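Report on the structure given below.
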Amino acid sequence: MLEIKNIETFYTLIYALRGVSLAVDEGTVTAILGNNGAGKSTILKTVMGLLDDQPDKGTIEFLGKRIDGKDPEVIVRMGLSYVPEGREVFDELSVKENLLMGAYIRRDRAAIKRDFEQIYAYFPVLKEREAQWAGTLSGGEQQMLAIGRALMNRPKLLFLDEPSLGLSPILVRDIFKIIKTINQEGVTILLVEQNARMALSISDIGLILENGRFVMKGEAKELMEDKDVQEFYMGMKSEESAKGFQRWKRKKRWR
Amino acid sequence: MFLQLVVSGISFGSLYALIALAMVIIYKTSEVPNFGQGEMAMISTFVAFTLLVTHGYSFVVSFIGAFIFAAALGIFLEFVFLRRAKDPNILSLILITLGFEMVLYGLASWKWGADQRNFPFPVSDFDVIHLGSAVISYLNIATLLITLLLMFMLFLFFRYTKVGIAMKATQQNAMAARINGIRTNRILSITWALSSMIGAVAGMLLAPIATLDPNLMLEPLLKGFAAAVLGGMTTLVGAALGGYILGVLENLFGGYVSLEFKSIVAFLIIVLVLCFKPSGLFAKHYVRKV
């Protein structure tokens, strides 16, 4: 569905993506994991066309059409939506108007109305806050709104950038449950996350990004059982030391 | 006398309010105060004058023609000059708008000369009605009504139309607007067209009271700017109220203190507002993320 081939992205002089290739299959949930600054969000921004003149090299195909170098306004009309990191809702528009802006590219009024109902069913709290300014919502509610707004675009493929950012553990679980539901309704999902355990638990495929390169790819279940992933991304210790702390550090196999 | 001063103050204030609105609409989208606003309105008024007097078209045709011209001028300036600015910062954009101001001023002086002309208007400035002890001319009433109607239409536009809401959305978060498919460049063009048309209304309502020459909008622009600062550069309602307050205050000052120094009221207000409440009287200040 989405086919990224060997893209390289620069932030002026900083070499952020060093040849990234990725294929997302229809109907799956794919998770990209990695440390801060690995370039996870940069992949999404590059594909969405939010970085001017990027990718510097490589091609991106969505549904068989080249989209690299296109504007986000065009890309979103092709069925690719993006929930940005840090929510980015319209602070001084009401919740309802925010969702309405999600439907900006659509004209099918009846379907828009149905989607409103659908989103209020996913996130009942948004219904309660319908007339309130989005800036006055809590972080979790804003995240729900950002997801709802992206769903109003009627995406075929949905990018989620750190949906768990700054949310309480219970809320994170709820949001991920809904993400899984959305996927089962037929939306393909590409997820970028720090919370590896949560992300892998709902994903089919997981990839690990380090310093602008993918270093590992596999079925989510396999990755969860991988010793390296457990230690470096889930914070599990492989061995207890007798003195109560670990004196050696495990080497990463992929370096 | 007090009532009279207030009534004519309100009538003048509504012109300031229009100019303030025009500036605020642009300021909200691009954070640039457009100092070319006044000359854009002045040129549009001249276009109406030319259609009306030189070519002898009817009022309706001329005014509609002038509005179309105003919209086109706004779009043209934004598209050809502001959008081309490479890595712009606010200051350089402001300088570009000052550039418009001078270019348009020069253009008008060259095309129409510095003669003072009478701008014909369908409503008379000399027929009056009595409101208790005050008199108010038909033109003043028309100004007031047109302004209020326009504000009401703007309110509806920003509240209920998709484009209006998209305009607000673009103002608040351009990136989020783009990923939802809003063509922000097009929104910017619409913003400039809308603002230029509102300015043109102000110009055409002012011209029959004053005389039409290239200096028509110099002072009103500064007053409108003061009104916008007074009310708050980020709120439409505030800017409009600022216009009325300024109009009335200025008139009262002119009536009771000194007619010669009437004009300084506006500047005094800018200074005071910037000292004590820089975001303006009516701005609901939403703290922005850095």
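Derivation of every value follows stated rules applied to the coordinates shown; laboratory data play no part. Only a predicted model underlies this, so the values are computations on that prediction, with no experimental measurement involved. Every residue, glycine as well, gets a Cβ built from its backbone with ideal geometry; the counts of neighbours run over all protein chains shown.
Add +1 for every Lys or Arg and -1 for every Asp or Glu among the other residues with Cβ under 15 Å from the Cβ of B:Ser109, and state the total.
Details: positive: B:Lys111, B:Arg117; negative: B:Glu39, B:Glu101, B:Asp115, B:Asp213.
Neighbourhood net charge equals -2.
Let me know the charge dipole size of the protein assembly as shown about its Cα centre in debye, to the nearest 20, where only the beta-carbon of Lys, Arg (+1) and Asp, Glu (-1) is charged.
Details: 56 positive and 49 negative charges, 286 e Å.
Using only the charged Cβ atoms, the result is roughly 1380 debye.
State the Cα centre-to-centre distance between the range B:184-252 and the range A:1-75 in whole Å.
46
By per-residue mean of other Cβ atoms within 10 Å, what is the highest-first order of A:190-202, B:255-267, B:208-220?
Numbers: A:190-202: 21.8, B:255-267: 13.6, B:208-220: 19.1.
Those peptides, ordered most packed to least, come out A:190-202, B:208-220, B:255-267.
Putting +1 on Lys and Arg Cβ atoms and -1 on Asp and Glu Cβ atoms, find which of B:Val24, A:Thr181, A:Pro155 reaches farthest to the positive end of the dipole of the protein assembly as shown.
A:Thr181
For chain B, what are the DSSP H helices with axial Cα length of 24 Å or more and mean Kyte-Doolittle hydropathy of at least 1.6? Write out the running numbers ahead of the final one.
Working: long enough: B:2-30 (40 Å, 1.65); B:59-77 (27 Å, 2.58); B:90-112 (33 Å, 1.45); B:138-160 (32 Å, 1.92); B:184-206 (33 Å, 1.24); B:236-256 (30 Å, 1.25).
Passing helices, by number: B:2-30, B:59-77, B:138-160.
Quick one: putting +1 on the C-beta of Lys and Arg, -1 on the C-beta of Asp and Glu, what dipole do you get for the range B:60-145 around its Cα centre, in Debye to the nearest 20? Walk me through the intermediate numbers first.
Working: 5 positive and 6 negative charges, 69 e Å.
Dipole of the range B:60-145, to the nearest 20 debye: 340 debye.
Quick one: if you stick a label point 7 Å off each Cα along the C-beta vector at A:Asp56 and B:Phe261, how many nm between them?
6.3
Output the direction-averaged projected area (hull surface divided by four) of the convex hull of the alpha-carbon atoms of the protein assembly as shown, in nm².
On the way: hull surface 126.7 nm².
Average projection, Cα convex hull of the protein assembly as shown: 31.7 nm².
Averaged over peptide B:165-172, how many Cβ atoms belonging to another chain are found within 10 Å of each residue's Cβ?
Values: counts 9, 6, 0, 5, 9, 2, 3, 8.
Taking the mean over all residues of the peptide, I get 5.
Only bridges with both residues in the protein assembly as shown count here: give the DSSP antiparallel percent, nearest 5.
Values: 27 of 46 bridges.
The answer is about 60 percent antiparallel.
Counting only other residues whose beta carbon sits under 9 Å from that of A:Ile32, what net charge do I get with K and R as +1, D and E as -1? Write out the running numbers ahead of the final one.
Details: positive: A:Lys40; negative: A:Glu193.
Its environment carries a net charge of 0.
Using a 10 Å cut-off around each Cβ, can you sort B:Phe155, A:Phe176 from fewest to most neighbouring Cβ atoms?
On the way: B:Phe155 14, A:Phe176 22.
If I rank by nearby Cβ atoms, fewest first, I get B:Phe155, A:Phe176.
Cross-link list B:Lys162/B:Lys223; B:Lys86/B:Lys162; A:Lys45/A:Lys70: which exceed 24 angstrom alpha carbon to alpha carbon? Could the numbers behind the result be given before it?
Numbers: B:Lys162/B:Lys223 32 Å; B:Lys86/B:Lys162 30 Å; A:Lys45/A:Lys70 12 Å.
Checking Cα-Cα distances, B:Lys162/B:Lys223; B:Lys86/B:Lys162 exceed 24 Å.
Taking the Cα centre of chain B as origin, work out the dipole magnitude from +1 charges on Lys and Arg Cβ and -1 charges on Asp and Glu Cβ, in debye rounded to 20.
Numbers: 18 positive and 12 negative charges, 283 e Å.
Around 1360 debye, computed over chain B.
Where a ≥ b ≥ c are the square roots of the eigenvalues of the C-alpha gyration tensor, would you call chain A rounded, which needs a/c under 1.5, or, failing that, prolate if a/b is larger than b/c, or oblate?
Numbers: a/c = 2.00, a/b = 1.36, b/c = 1.47.
Oblate shape, in that a/c is at least 1.5 and b/c is the bigger or equal ratio.
Would you please put B:235-241, A:21-27 in order of how densely packed they are, using the mean number of other Cβ atoms within 10 angstrom per residue and starting with the highest?
Working: B:235-241: 23.3, A:21-27: 14.7.
Ranked by mean Cβ neighbours within 10 Å, highest first: B:235-241, A:21-27.
Given a cut-off of under 8 Å on Cα pairs at least six residues apart, what relative contact order in percent is computed for chain B?
Numbers: 441 pairs, mean separation 103.3, N = 290.
Relative contact order of chain B: 36 percent.
Once the other residues with Cβ under 12 Å from the Cβ of A:Gly218 are scored (Lys, Arg +1; Asp, Glu -1), what is the net sum?
Details: positive: A:Lys217, A:Lys221; negative: A:Asp204, A:Glu219, A:Glu222, A:Glu225, A:Asp226, A:Asp228.
For residues surrounding A:Gly218, the net value is -4.
Where both partners of a DSSP beta bridge lie in chain A, what percent of those bridges are antiparallel, to the nearest 5? Working shown, then result.
Details: 22 of 41 bridges.
If we restrict to bridges inside chain A, about 55 percent are antiparallel.
I need to check one value: relative contact order of chain A, counting alpha carbon pairs closer than 8 Å and at least 6 residues apart, in percent. Intermediate results must be reported in sequence, preceding the final value.
Numbers: 447 pairs, mean separation 64.1, N = 255.
Relative contact order, chain A: 25 percent.
For chain B, what does the helix formula give at 222 nm: sum of -39500 (n - 2.57) over DSSP H segments with n ≥ 4, over the residue count, nearest 500 deg cm²/dmol?
-22500 deg cm²/dmol
Please compute the average number of Cβ atoms from other chains found within 10 Å of each residue's Cβ in peptide B:181-189.
4
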